[in-house]
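S.K.: Quick one: structure below, then a few questions.
The values are calculated or read from the model by the stated rules, or taken from the named source; none is laboratory data. For clarity, every value in this text was computed on a predicted model and none was experimentally measured. Quick reminder, even Gly has a Cβ in these numbers, built from the backbone with ideal geometry, and neighbours come from all protein chains shown.
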Amino acid sequence: MKNIVVLISGNGSNLQAIMDSCANGTIKNARVAAVIANKADAYGLTRAQQANIDAVTLLTSDFADRQAYEQALAKTIDGYHPDVVVLAGFMRILDSAFVHHYQGRIFNIHPSLLPKYPGLNTHQRALEAGDSEHGTTVHFVTPELDGGPVVLQAKVPIFPQDSIAEIEQRVQQQEYAIYPLVINWFLSQRLVMDEAGKALLDGHSLPLNGYASDD
């Protein structure tokens, strides 16, 4: 049984999709071993507790500095012997030492079609730019913010009368589908990041925007 450790900051809806996918076999022979949050009120902790999964809170305010926090975070994660580390709405930039420690086995999901709109407020930025499509990206994590090799993208339309909430809901439905898929690829050894920092699926390099699937 492979171990997944999930880092969150909030609601944990992608966490729920991952837990459900472990239960229904979309992610094969794996379990969420622990959920770690950097905010005490993150609802994802409740989701974990309800599923009898270890739920851990690590607050930055309890540590002297960023280095001390990330050392404690890594020690906590490593206690669960993770095969993969999954960022699911973890709203904290991780330093290069932490990222290198999990090089090639740490993923993030970002609510835009990277390289468009790294960072925050992606739905609003896409709407204000007049984009006709938007989406979400699963990528390997590297020290560059939202800059690791892309594995998979899912596109959704933006309609003229859309609100930000409508766009967000549309994007999230795609996230719940593609993140478990990528995790399963990785845990079944179909997906790797090579020494050159490229994503390979079944031995073949993925294009810069990964696999793209339309809604």
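S.K.: Need pairs with beta-carbon distance below 9 Å; first residue buried (at least 16 other Cβ atoms within 10 Å of the Cβ) and at pLDDT 95 or above and within segment 193-208, second assigned to a strand (DSSP E or B) and hydroxyl-bearing (Ser, Thr, Tyr); sequence gap 6+ or separate chains.
M.R.: That search, which allows pairs on different chains as well, returns ALA199/SER205; LEU201/TYR211.
Yes/no per residue for (1) over 19 Å from ARG105 (Cα atoms); (2) surrounded by fewer than 21 Cβ atoms within 10 Å (Cβ to Cβ); (3) of a type in the set (Ser, Thr, Tyr); (4) touching a strand residue (DSSP E or B) at 6+ places or on another chain (Cβ under 8 Å):
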position: ILE4; (1), (2), (3), (4): no, no, no, yes
position: SER9; (1), (2), (3), (4): yes, yes, yes, yes
position: LYS28; (1), (2), (3), (4): no, yes, no, no
position: GLY44; (1), (2), (3), (4): yes, no, no, yes
position: ASP54; (1), (2), (3), (4): yes, yes, no, yes
position: LEU58; (1), (2), (3), (4): yes, yes, no, yes
position: ASP78; (1), (2), (3), (4): no, yes, no, no
position: ILE93; (1), (2), (3), (4): no, yes, no, no
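S.K.: Could you check segment 158-192 and list, in sequence order, the residues that are buried (at least 22 other Cβ atoms within 10 Å of the Cβ) and among the acidic types (Asp, Glu)?
M.R.: GLU175
S.K.: List the residue pairs whose Cβ atoms are under 7 Å apart, where the first residue sits in segment 53-70 and is more than 14 Å from PHE90 (Cβ to Cβ), the second is loosely packed, with under 15 Cβ neighbours inside 10 Å, and the two are 6 or more positions apart or on different chains.
M.R.: Pairs found: ALA55/GLN49; PHE63/ALA72; ARG66/ASP95.
S.K.: A follow-up question, please. Please indicate, with yes or no, whether at least one residue in segment 181-197 is in contact with a helix residue (DSSP H, G or I) (Cβ under 9 Å, 6 or more places away or on another chain), among the aromatic types (Phe, Trp, Tyr) and either in a strand (DSSP E or B) or not assigned by TED's automatic domain parsing to the domain that holds LEU73 (or both).
M.R.: no
S.K.: Same structure, new question: Name the residues in segment 83-132 that are of a type outside the set (S, T, N, Q) and on the phi > 0 side of the Ramachandran plot, would you?
M.R.: GLY89, GLY104, TYR117, GLY119, GLY130
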